[in-house]
Amino acid sequence: MEILNRMDSKTSSKLFPVSWDQFHRDSKALAWRLADKGDWSAIIAVTRGGLVPSAIVARELNVRIIETICVTSYNPEHQRGDIEVLKKISDNLLSDPKFKPDTILCIDDLVDTGSTMAVVKDMIPNAHIATVYAKPEGLYNVDTFITEVSQDTWIYFPWDTELQFAPPINPSGV
């Protein structure tokens, strides 16, 4: 938790904790929004944050092909750094004529500055970019999103937190 607190105090003045229920509802809302925008042939999940919303959208829209692109933009000190592609999109997907780029969804949990999505768009320029949450600096690189949050907001995703006992104000109330 110390690492997260240090990160929050340097980069964000607002905190936005998201529960599993809320994230599921928002991901399903993303699927509803995408349902009328195309006949999707595949999803590219930006790992790691895009894995859960990709699974929910794939289920809702009956998309059976899910590919990943593995990207990191944080250094070991948890500070934003250069974008590093750890795993590229499969050449099989990119070269298969049944997967036309304009029928491919690229999904992530959040677009922050847009730099990760810029890398993805370079690889597959006509893919439809969708995120559950979006910050203003990254909006130019997203086609569809559900909730916009301010640039100075740090989102705690459900996988970043865990339930813990909270003692009552009066210790004898336990």
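Suppose we filter segment 67-87 for residues that are loosely packed, with under 13 Cβ neighbours inside 10 Å and either in contact with a helix residue (DSSP H, G or I) (Cβ under 6 Å, 6 or more places away or on another chain) or modelled with pLDDT of 80 or more (or both); how many remain?
Qualifying residue count, segment 67-87: 4.
Consider only pairs whose beta carbons are under 6 Å apart and that are at least six residues apart or on different chains; among these, list those whose first residue lies in segment 11-35 and is polar (S, T, N, Q) and whose second residue is crowded, with 16+ Cβ neighbours inside 10 Å and part of a helix (DSSP H, G or I).
S27/P53; S27/I56
Among the numbered criteria (1) touching a Gly at 6+ places or on another chain (Cβ under 9 Å); (2) modelled with pLDDT of 95 or more, which single criterion is violated by D102?
Single failed check for D102: (2).
What are the residue pairs meeting all of these: first residue in segment 155-170, first residue closer than 23 Å to R25 by Cα, second residue in a loop (DSSP other than H, G, I, E, B), Cβ atoms under 7 Å, and 6 or more apart or on different chains?
Qualifying pairs under 7 Å: I155/V18; I155/V149; Y156/V18; F157/V18; F157/G49; P158/V18; P158/S19.
Can you tell me which residue is modelled with the lowest pLDDT among those in segment 17-49 that are touching a Ser or Thr at 6+ places or on another chain (Cβ under 8 Å) and closer than 19 Å to S73 by Cβ?
T47
Among residues belonging to segment 118-144 that are of a type in the set (G, A, S) and closer than 24 Å to H24 by Cα, point out the one that is surrounded by the most Cβ atoms within 10 Å (Cβ to Cβ).
A130
Considering only helices (runs of 4 or more DSSP H) fully contained in segment 43-161, which possess at least 2 residues that are farther than 20 Å from D21 by Cβ and among the β-branched types (V, I, T)?
Result: 115-123.
Would you mention how many residues in segment 110-134 are of a type in the set (G, A, S), over 19 Å from W154 (Cβ atoms) and under 13 Å from the mean Cα position of the chain (by Cα)?
The total comes to 1.
Looking at this structure, is R64 modelled with pLDDT of 95 or more, among the basic types (K, R) and more than 18 Å from the chain's Cα centre (by Cα)?
yes
The values are calculated or read from the model by the stated rules, or taken from the named source; none is laboratory data. On a predicted model such as this, the values are computed, not experimentally measured, just so you know. Positions of Cβ are generated from backbone atoms using ideal geometry, with glycine treated the same way; all protein chains shown enter the neighbour counts.
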